[in-house]
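Novice: First the structure, then my questions, so here it is.
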2 protein chains.
Amino acid sequence: MEYRRVKDQENYDDLSQKDVESLSGRSLSSANTTASGLSSAGGAKGKSSWKLKSVVTLALTLLTSSQAILIVWSKRAGKYEYSVTTANFFGHGTRHGVTDDNRLTTSFDEVSVYPIPAVLYMVKNLLQYYIFAYVDAPAYQILKNLNIISTGILYRIILKKKLSEIQWAAFVLLCAGCTTAQLNPSSDHVLQTPIQGWMMAIVMALLSGFAGVYTEAIIKKRPSRNINVQNFWLYIFGVIFNLVAICVQDYDAVMNKGFFHGYSFITVLMILNHALSGIAVSMVMKYADNIVKVYSTSVAMLLTAVVSVFLFSFHLSLAFFLGSTVVSVSVYLHSVGKLQPQK
Amino acid sequence: MEYRRVKDQENYDDLSQKDVESLSGRSLSSANTTASGLSSAGGAKGKSSWKLKSVVTLALTLLTSSQAILIVWSKRAGKYEYSVTTANFFGHGTRHGVTDDNRLTTSFDEVSVYPIPAVLYMVKNLLQYYIFAYVDAPAYQILKNLNIISTGILYRIILKKKLSEIQWAAFVLLCAGCTTAQLNPSSDHVLQTPIQGWMMAIVMALLSGFAGVYTEAIIKKRPSRNINVQNFWLYIFGVIFNLVAICVQDYDAVMNKGFFHGYSFITVLMILNHALSGIAVSMVMKYADNIVKVYSTSVAMLLTAVVSVFLFSFHLSLAFFLGSTVVSVSVYLHSVGKLQPQK
């Protein structure tokens with residue numbers, strides 16, 4: 001039992017400290033030291049990993065929240081003729097010199113798994129066009145919260161990680177709270193969704209949940225791998241599939257008006273934000289997990305609404321207050337309901 | 001510590017077994033047996049008290065739920081000219097022969113506290129007429145959920161009983177869930193409630209919470225007292241104050257048409273139900289507490305809506321499903337979040 005706890009602690013520290021592969025011999029030998037010595041060392045390491053986890057989670061929350069605000073802002077600001085290059089997307093280079101772990105070149109074995117999340121997201125995005133034959137926009141907004149449930153279930157099944165009973169209860173509350181916060185007078189349409197709509201919504205939720213969980217598995221499989229390199233490989237396939245999608249859907253518009261037609265300063269901010277959010281998502285996946293990511297994006301949704309009150313004199317509904325209360329309690333329960341280390 | 005636990009156990013068992021005074025000698029003497037013997041005996045007794053607690057709670061839930069259904073039913077059924085007497089209200093006499101504890105005669109000291117809840121409820125009911133100057137009916141429905149919070153706070157302050165952190169979280173969820181389940185397109189009016197409306201709603205919630213907590217205190221102060229006698233004294237003052245209210249408000253109607261004008265079979269059922277609910281409330285107060293009562297009536301509210309789907313082809317909203325989910329999780333958390341006995 002004690003041994004197991006030590007091992008878990010090690011795995012965790014592996015994730016939070018780069019390049020630990022070579023040190024695994026050291027960790028194994030340290031398993032012979034006294035339990036008290038270990039737990040105090042674990043405590044110090046746990047604290048620094050907790051800090052990193054908090055920082056990346058906060059970054060993701062703020063970026064996701066400002067993303068939605070930028071979208072509204074760009075819609076309201078009208079169009080500027082402004083051209084940008086995509087050069088700055090990759091402005092987050094390596095800082096530690098070239099080592100085995102931050103070198104871009106890699107084996108086919110490692111890279112072969114990276115396209116999978118991109119394919120899953122692409123299929124999901126394609127389905128999105130068909131689901132509107134069965135559900136309207138407000139209902140779709142509501143159905144998207146099924147993602148929360150699917151992520152929780154797939155996280156449990158695929159990554160085989162456990163949540164405590166209270167954390168499961170908190171996760172159900174998160175889903176109910178987010179949905180409540182988004183309620184509006186036309187939300188009840190969702191109850192008239194035909195069976196095909198439900199099936200597609202569930203498939204989309206599973207695809208999106210599976211993509212998230214799979215990404216976490218890829219990133220965590222090689223904890224010592226530089227996160228920027230992992231991100232590069234994840235994104236390069238995303239970019240390829242998106243280009244294909246653009247060619248299929250917007251070929252005419254792009255050919256006639258140019259790729260960067262209608263870009264404004266806000267558009268640039270949006271793209272920059274999108275790129276940074278992508279990095280933040282990967283870091284949350286590396287140093288925390290999909291559950292934390294779901295909490296982060298849910299809280300971001302509430303933050304967006306609150307900020308919109310000041311920026312766009314948005315009106316908050318009673319349902320929003322109730323949903324926010326439920327989400328807040330859910331966050332609290334998730335943190336107090338942590339599984340106790342087995343005795 | 002151990003002594004105190006034993007004492008609590010005794011009090012509790014007194015509550016769960018009728019007329020236990022004659023046995024109190026036995027319980028006191030048993031306090032001398034070993035701690036392990038006590039705790040196993042406590043376990044068996046705890047189980048029987050748990051059973052009683054469940055039965056009275058279930059009864060209250062079903063009675064409260066059917067009460068609301070009867071109200072709708074009686075409105076829809078139209079009026080029958082049917083006269084009833086109130087004789088059957090008190091058809092729940094004592095069954096165990098006259099002892100000190102089920103004898104109706106009592107000291108002034110004991111009876112003097114019984115009018116207090118009745119006065120509190122009367123003041124609250126009077127305020128109800130004035131609050132409609134500031135809030136409309138759907139908003140009032142929403143504001144009534146403040147009762148849940150006020151009951152929790154007063155239960156903590158006045159009865160000095162503790163809830164665990166998770167149970168407090170569950171209680172906040174209960175309030176949010178009940179309110180969510182009652183949301184309708186005009187619920188947002190509540191956000192425009194003027195400060196006077198809020199103040200009155202808060203005062204009403206405090207009055208009602210205080211009345212509930214005070215009733216529990218009265219009933220539990222004399223755990224050996226027969227519950228029917230306690231009920232009699234609680235109700236007699238309720239009846240007196242109600243008669244005064246009827247005289248003030250409906251004097252003309254009662255004088256012209258007679259006290260029982262417009263009574264139908266359903267009205268009789270309603271009155272019977274009301275009387276039985278009153279008994280169930282007192283029993284829940286005696287064998288459980290105000291928190292259980294609040295959970296019971298909240299679940300009853302949801303049950304009523306579900307039954308109404310079949311009886312009156314009532315349509316359930318998405319908000320109802322979300323609120324019910326939150327309430328269900330809250331009930332679950334309340335039961336798993338019990339305070340562990342101090343070590």
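The values are calculated or read from the model by the stated rules, or taken from the named source; none is laboratory data. Source: prediction; values computed, not measured. Using ideal geometry, Cβ is built from the backbone for each residue, glycine included, and neighbour counts are taken over all protein chains shown. Note: areas computed on protein heavy atoms with side chains; ligands, DNA, RNA excluded. Shrake-Rupley method; radii C 1.70, N 1.55, O 1.52, S 1.80 Å.
Novice: Restricting to the stretch B:211-252, what's the tally of residues that are in a helix (DSSP H, G or I), polar (S, T, N, Q) and within 19 Å of the chain's Cα centre (by Cα)?
Specialist: Summing the residues that are in a helix (DSSP H, G or I), polar (S, T, N, Q) and within 19 Å of the chain's Cα centre (by Cα) in the stretch B:211-252 gives 5.
Novice: Same structure, new question: So which residues in the stretch A:285-327 are under 18 Å from A:I148 (Cα atoms) and in a loop (DSSP other than H, G, I, E, B), if there are any at all?
Specialist: A:A288, A:D289
Novice: Within the stretch B:229-240, is even one residue within 30 Å of B:G337 (Cα to Cα) and touching a helix residue (DSSP H, G or I) at 6+ places or on another chain (Cβ under 8 Å)? Spell out the reasoning first.
Specialist: Of the stretch B:229-240, the ones within 30 Å of B:G337 (Cα to Cα) are none.
Looking through the stretch B:229-240, none of the residues is within 30 Å of B:G337 (Cα to Cα) and touching a helix residue (DSSP H, G or I) at 6+ places or on another chain (Cβ under 8 Å).
Novice: A further question follows. Does A:A137 meet the test of being away from every other protein chain (no Cβ under 14 Å) and either surrounded by fewer than 18 Cβ atoms within 10 Å (Cβ to Cβ) or within 18 Å of A:V331 (Cα to Cα) (or both)? Full working, then the answer.
Specialist: Values: away from every other protein chain (no Cβ under 14 Å): yes; either surrounded by fewer than 18 Cβ atoms within 10 Å (Cβ to Cβ) or within 18 Å of A:V331 (Cα to Cα) (or both): yes.
It is true that A:A137 is away from every other protein chain (no Cβ under 14 Å) and either surrounded by fewer than 18 Cβ atoms within 10 Å (Cβ to Cβ) or within 18 Å of A:V331 (Cα to Cα) (or both).
Novice: Another question about this same structure. I'd like the residue in the stretch B:171-210 that is within 14 Å of chain A (Cβ to nearest Cβ) and not in a helix (DSSP H, G or I) and, out of all such residues, is surrounded by the most Cβ atoms within 10 Å (Cβ to Cβ).
Specialist: B:L183
Novice: In the stretch B:124-167, what residues are of a type in the set (K, R) and in a helix (DSSP H, G or I)?
Specialist: To start, the set of residues in the stretch B:124-167 that are of a type in the set (K, R) comprises B:124, B:144, B:156, B:160-162.
The answer is B:K124, B:R156.
Novice: Pick from the stretch B:308-327 the residues that are open to solvent by 50 Å² or more (accessible area, probe 1.4 Å) and in contact (Cβ under 8 Å) with a residue 60 or more places away in the chain: which of them is nearest to the other protein chains (Cβ to nearest Cβ)?
Specialist: Filtering the stretch B:308-327 for residues that are open to solvent by 50 Å² or more (accessible area, probe 1.4 Å) and in contact (Cβ under 8 Å) with a residue 60 or more places away in the chain, the one nearest to the other protein chains (Cβ to nearest Cβ) comes out as B:T325.
Novice: Taking A:G152 as the residue in question, decide whether it is within 13 Å of another protein chain (Cβ to nearest Cβ) and either closer than 20 Å to A:L339 by Cβ or open to solvent by less than 30 Å² (accessible area, probe 1.4 Å) (or both).
Specialist: No; evaluated as a whole, the condition is false for this residue.
Novice: Any residue in the stretch A:107-123 that is part of a loop (DSSP other than H, G, I, E, B) sitting within a Cβ distance under 6 Å of a residue that is open to solvent by less than 60 Å² (accessible area, probe 1.4 Å)? List the pairs, counting only those 6 or more apart or interchain.
Specialist: A:V113/A:I218; A:Y114/A:W233; A:Y114/A:L234; A:Y114/A:F237
Novice: Taking the condition out of contact with any strand residue (DSSP E or B) (no Cβ under 6 Å at 6 or more places or on another chain), over 24 Å from A:A300 (Cβ atoms), touching a residue at least 12 places away in the same chain (Cβ under 8 Å) and open to solvent by less than 20 Å² (accessible area, probe 1.4 Å), does A:T215 pass?
Specialist: When the stated conditions are applied, A:T215 does not pass them.
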